[in-house]
Amino acid sequence: MLTKKGKNKPALLIGAALVTVGLSTQAMARDYISIVGSSTVYPFATVVAERFGKVTDFKTPKIEATGSGGGLKLFCSGIGIDTPDITNSSRRIKSSEFEMCQSNGVTNIVEVLIGYDGIAIANSVEAEQFEMSTQDLFLALAAEVPNPDGSATLVENPYKLWSDINDALPSRRIEVMGPPPTSGTRDAFVELAMEGGCDTFDFIKEMKSSDSDTHKRVCHTMREDGAYVEAGENDNLIVQKLEANPDALGIFGFSFLEQNSDKVQSSVIDGFEADFDSIADGDYAISRPLYFYVKAQHAGTVPGIEEYLAEFTSEGAFGEDGYLADKGMIPLDEEERDEVSNAVSELQALEL
Amino acid sequence: MTNTDSDSSDMNNQDSSQALPGDSPKRDTTSLVKATLARRYAAEKRFKFYGIFAIAASLAFLVVLLTSIFIKGWPAFTHTYVKLNLELDADTLGLSDNPTAKELRAANYSGVIKKTMRDRFPDVKKRKAKKELYQLISSSGEYRLYDMVKENPAIIGTTIETWLPADDELAAILKSGDDLSDPDSIVTRMSDQQIGFAKTLKDAGETQTRFNKVFFTNGDSREPEQAGIKAALIGSALTLLVTFMLSFPIAVAAAIYLEEFAPQNKWTDIVEVNINNLAAVPSIVFGLLGLAVFINFFHLPRSAPVVGGIVLSLMTLPTIIIASRAALKAVPPSIREAARGLGASEQQVVWHHVLPLAMPGILTGTIIGLAQALGETAPLLMIGMVAFIVDIPAGFTDAATVLPVQVFLWADSPERAFVEKTSAAIIVLLGFLILMNAVAVMLRKRFERRW
């Protein structure tokens with residue numbers, strides 16, 4: 001009996017200790033910044049966070065990649081140290097999300113526009129470079145396209161070869177690898193490239209006001225007969241597949257194009273290749289803004305928030321030659337940058 | 001009797017007439033067996049071959065997988081360093097005569113490194129070429145320099161010879177062993193000029209490839225040459241510790257009660273069925289449960305090993321309970337009867353006799369359950385452990401991540417050098433799994449008793 005009791009005690013004690021540790025911490029303040037949100041902004045935010053942790057006395061912020069929508073949901077769930085301080089987003093906050101924030105007490109949100117991200121259409125450097133318009137892209141990838149005979153009706157996508165769409169394109173099978181619908185890159189591609197190409201047809205464009213549901217269905221639905229291949233969320237995988245298959249095109253983030261410029265080349269879309277200058281100037285059509293949102297009510301409670309903002313919006317970080325540009329983010333122009341850093345230093349609250 | 005006899009003979013007649021139409025119904029068994037013997041032997045052989053083929057195929061897959069991981073991951077265990085003669089001039093660093101700690105931190109270390117590189121290649125004049133030159137040294141070089149100065153401020157004003165980590169691209173081409181005099185043959189993002197710099201440095205013996213200690217002493221980083229697995233390793237260890245401490249006592253207690261004390265009735269049946277069902281629940285469900293109960297209701301911190309441990313212990317509990325019950329069942333009743341016969345109470349029977357004898361089996365089950373938990377990512381996604389963690393977690397409530405999550409995050413990074421880091425992290429993870437399974441086998445071999 002005695003030995004049994006002796007053996008049992010440590011386990012009980014440890015268990016009790018664990019419970020106390022767990023319950024007591026919530027009362028303590030968090031000493032690091034908690035960031036959630038978009039996996040597109042993640043590679044940029046992490047660089048800033050790492051540097052911030054190294055050059056200041058603050059702890060390195062913790063960054064979770066939850067996706068833009070998931071991030072905003074967590075962010076707007078309330079005020080307090082068990083909610084995140086910052087959420088990254090590869091799109092602007094929606095008014096519904098903004099209202100959710102307000103009703104949960106998150107009333108003081110600072111919006112920070114940090115730069116742009118391009119979406120590249122690329123193929124292996126061993127194949128010839130593609131030159132096409134967003135219209136060609138739409139015709140190649142949409143489930144329904146305007147009737148090739150020129151009438152204002154829609155038919156199921158009949159195109160098998162690139163040359164069927166445009167004589168200038170090679171007579172090769174249409175084969176494009178891209179992200180699945182769960183990915184933010186896919187959303188942005190559909191909105192920018194597909195819808196852009198879709199609206200070059202007047203009768204479809206008119207639908208936008210008359211019959212917006214059909215307009216959305218036509219412009220946003222990708223074909224499912226094998227010409228568009230959902231190749232997974234991992235952009236590295238798409239690059240590898242392009243390398244192995246020179247006949248295929250792939251859709252992925254600009255930073256992956258940058259890092260693999262010896263293996264893949266960007267296609268020319270509407271006369272412009274995806275590169276730094278064309279995206280920054282807005283010439284390259286398929287690019288989107290990147291944001292993060294800050295809970296200004298946490299500034300002062302969680303240490304380092306203002307300093308993190310200052311680091312992120314410093315010229316050395318998001319400037320023309322900053323380290324974020326080295327990682328593949330397209331910087332804002334000087335005027336925009338000034339505006340953002342001013343707004344940030346005053347913690348100007350967002351109004352929608 | 002007669003009835004059945006006539007029945008069966010009828011059946012026989014029918015059978016043979018069906019099987020061999022036109023043949024005489026009076027064939028003896030031996031010739032029947034002989035006729036089919038060759039076919040049966042062949043079937044046997046085929047069956048054996050299928051078995052061998054299945055094993056060979058799975059082994060081949062395993063070999064392909066492991067070799068590709070090892071080939072890819074091996075370079076990550078070494079890193080290239082470049083020798084620099086750094087002139088730690090107070091002016092270039094922007095320091096006063098008596099620098100404060102704050103000044104030391106903010107000093108222009110990258111300026112010193114850039115100046116040294118310029119002095120090493122005095123011919124480089126153009127802005128673009130200079131930028132390319134600076135890219136050869138890892139951006140972590142400046143932090144390393146700061147650490148050196150902080151440790152010994154006396155080196156300010158002197159010239160020191162030191163080895164700084166090379167940039168990941170430079171390291172990649174030096175490690176690949178490509179012929180640097182023929183830049184066109186090398187697949188790299190580096191420019192021909194940069195390859196030229198690399199060749200000069202290599203020929204002068206100013207580059208060196210060493211064991212990559214950083215990989216085991218650093219947390220995550222966005223610079224591949226700075227990224228390490230220590231934070232993930234410690235995170236995994238803390239999480240598993242919580243898992244073990246919760247699931248082991250609870251599971252063993254549950255198993256003992258069900259096996260030794262519980263009455264056989266409807267309720268214990270229901271409990272039993274549910275334990276088996278629980279073992280088959282997809283792990284992401286436990287993640288959702290953890291989010292709803294431990295984080296949203298009990299307000300435990302997000303991304304903390306304590307929550308990860310609790311969630312994973314829910315997942316491992318059924319595994320351990322099932323294994324423990326099997327181990328307890330394997331202890332023969334004679335042991336219990338003998339103990340009772342000597343006057344031991346029920347509790348004494350369990351604690352002094354049954355449990356010690358069942359322990360090897362229980363521990364094996366526990367280790368296998370924990371090895372499963374070590375490789376789990378899905379439930380951790382929901383509770384925020386899929387995160388960028390640089391600082392090494394120091395306790396159960398610090399933000400942390402685990403090894404398989406680190407693999408996942410690196411696999412998704414744009415920088416190419418992360419490919420080798422990913423494989424290297426997989427090697428470390430596999431190493432731990434093999435180690436844990438080896439311990440399980442050892443325990444079984446040493447302590448298991450056959451009855």
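Take B:375-386, B:397-408, A:318-329, B:430-441 and order them by the average number of nearby Cβ atoms within 10 Å per residue, most first; the result is B:397-408, B:375-386, A:318-329, B:430-441. Based on C-alpha pairs under 8 angstrom that are at least 6 apart in sequence, chain A has a relative contact order of 25 percent.
For B:Asp97, the solvent-accessible surface computed with a 1.4 Å probe is close to 150 Å², ligands and nucleic acids excluded. Rounded to the nearest Hz, the phi-derived 3J(HN,Hα) couplings of the stretch A:252-258 under the Karplus curve 6.51 cos²θ - 1.76 cosθ + 1.60 (θ = phi - 60°) are 7, x, 4, 5, 6, 5, 4, where x marks glycine and proline. Label separation (A:Ser314 vs B:Val63): 5.5 nm, computed from points 7 Å beyond Cα along the C-beta direction.
The mean number of partner chain beta-carbon atoms within 10 angstrom of a residue's beta-carbon across peptide A:252-262 is 3.
Estimated at the nearest 10 Å², the accessible area of A:Ser151 is 50 Å² with a 1.4 Å probe. In a shell of Cβ-Cβ distance under 14 Å around A:Ser163, excluding A:Ser163 itself, what net charge do Lys and Arg (+1) and Asp and Glu (-1) give? Once positives and negatives cancel, what remains is -4. Ligands, DNA and RNA aside, A:His220 has an accessible area near 50 Å² when probed at 1.4 Å. In straight-distance terms, cross-link reach from B:Lys128 covers every one of the lysines whose alpha-carbon lies under 25 Å from its own, apart from those fewer than eight places away in the same chain; here that gives A:Lys263, A:Lys327, B:Lys83, B:Lys114, B:Lys115, B:Lys199, B:Lys202. Just the protein heavy atoms count here, and of the accessible area of the stretch A:200-266 at 1.4 Å, carbon and sulfur take up 46 percent. In whole percent, what relative contact order does the stretch B:230-447 give with Cα contacts below 8 Å and a gap of six or more residues? Reported relative contact order: 31 percent. The residues packed around B:Glu103, meaning those with a beta-carbon under 12 Å from its beta-carbon, carry a net charge of +2 if Lys and Arg are +1 and Asp and Glu are -1.
Residues of the stretch B:407-450 that bury at least 40 Å² of accessible area when the other protein chains are present, relative to the chain alone (probe 1.4 Å, heavy atoms, ligands and nucleic acids excluded): B:Asp412, B:Pro414, B:Glu415, B:Arg416. Within the same chain, aspartates and glutamates fewer than 8 places from A:Lys208 are excluded, and of the rest, those with a Cα less than 19 Å from its Cα are A:Glu144, A:Asp187, A:Glu191, A:Glu195, A:Asp199. Seen from all directions on average, the stretch A:106-171 presents a Cα convex hull projection of 8.7 nm². Scoring B:118-129, A:97-108 by mean Cβ neighbours within 10 Å over their residues and listing the highest first yields A:97-108, B:118-129. Hull volume per residue, based on the alpha-carbon atoms of the protein assembly as shown and their convex hull, is 304 Å³. For the protein assembly as shown, the mean residue ellipticity at 222 nm estimated from helices alone is -16000 deg cm²/dmol, where every DSSP H run of n ≥ 4 contributes -39500 (n - 2.57) and the total is divided by all residues, rounded to the nearest 500.
Comparing the full protein assembly with the isolated chain (1.4 Å probe, heavy atoms, ligands and nucleic acids excluded), the residues of the stretch B:219-260 losing at least 50 square angstrom of accessible area are B:Arg222, B:Met245.
Averaging Cα coordinates gives a centre for the stretch A:30-69 and one for the stretch B:411-443; these two points are 25 Å apart.
The angle between the Cα long axis of helix B:192-203 and the main principal axis of chain B comes to about 90°, on a 0 to 90 degree scale. Calculate the tail of P(r) for the stretch B:230-447: the fraction of all Cα-Cα distances greater than 26 Å, expressed in %. Beyond 26 Å sits 43 percent of the P(r) for the stretch B:230-447. Inter-chain Cβ neighbour count for B:300-309, averaged per residue, equals 4 (cutoff 10 Å, partner chain atoms only). Dividing the alpha-carbon radius of gyration of chain A by the rule-of-thumb value 2.2 N^0.38 Å gives 1.19.
Take the Cα of B:Lys128, step 7 Å toward its Cβ, do the same at B:Arg450, and the gap between the two points is 7.6 nm. FRET efficiency for the pair A:Asp202 and B:Phe261, taken as 1/(1 + (r/R0)^6) with r the Cβ-Cβ distance and R0 = 56 Å, rounds to 0.10.
Computed from protein heavy atoms with a 1.4 Å probe, the total accessible area buried between A and B is close to 4100 Å².
Per-peptide packing, taken as the mean over residues of other Cβ atoms within 10 Å, places B:223-233, B:246-256, B:280-290, B:178-188 in the sequence B:223-233, B:246-256, B:280-290, B:178-188 from highest down. Counting Cβ atoms of other protein chains within 10 Å of each residue's Cβ and taking the mean over peptide B:385-394 gives 5.
Model label points for B:Ala35 and B:Arg340, set 7 angstrom from Cα along the Cα-to-Cβ axis, are 6.1 nm apart. Multiplying each eigenvalue of the alpha-carbon gyration tensor of chain B by 5 and taking the square root yields semi-axes of 64, 36, 18 Å, largest first, rounded to whole angstroms. Each pair of Cα atoms in the stretch B:78-219 enters the Kirkwood radius, and Stokes-Einstein at 10 °C and 1.306 mPa s then converts it into a translational diffusion coefficient of 99 µm²/s. Computed with a 1.4 Å probe over protein heavy atoms only, the accessible surface of the stretch B:230-447 comes to 42 Å² per residue. Screening chain A for whole DSSP H helices of 18 Å or more along their axis (Cα) with average Kyte-Doolittle hydropathy at least -0.5 returns A:2-25, A:42-55. Counted by Cβ distance under 13 Å from A:Leu324, the other residues give a net charge of -4, where Lys and Arg count +1 and Asp and Glu count -1.
Using r as the Cβ-Cβ distance of B:Trp74 and B:Ala154, and R0 as 25 Å, what FRET efficiency do you calculate, to the nearest 0.05? Step by step, r from the Cβ atoms, then E = 0.05.
Interface residues of the stretch B:122-142, defined as those losing at least 30 Å² of solvent-accessible heavy-atom surface relative to the isolated chain (probe radius 1.4 Å), are listed as B:Lys131. Counting only residues at least eight positions apart within a chain, or on another chain, the lysines with an alpha carbon under 19 Å from that of A:Lys295 are A:Lys59, A:Lys62, A:Lys73, A:Lys94. On the stretch B:230-447, 71 percent of the accessible area sits on carbon and sulfur atoms, based on a 1.4 Å probe. Give me the distance between the Cα centres of the stretch A:233-248 and the stretch B:240-300, rounded to whole Å. Computed from Cα coordinates, the inter-centre distance equals 43 Å.
In terms of overall dimensions, the stretch A:118-287 has a Cα radius of gyration and Dmax of 15.2, 47 angstrom.
Pairs of Cα atoms in the stretch A:25-84 fall into 5 Å distance bins, from 0 up to the last occupied one, in shares of 4, 19, 24, 22, 19, 10, 1 percent.
With R₀ fixed at 35 Å, the C-beta to C-beta distance from B:Asp28 to B:Lys48 puts the FRET efficiency at about 0.70.
The values are calculated or read from the model by the stated rules, or taken from the named source; none is laboratory data. The structure displayed is predicted, hence computed values, not measured ones. Glycine also receives a Cβ, built like all others from the backbone with ideal geometry; neighbour counts cover every protein chain displayed. In case anyone asks, the SASA skips ligands and DNA or RNA and just uses the protein heavy atoms, side chains included. Shrake-Rupley method; radii C 1.70, N 1.55, O 1.52, S 1.80 Å.
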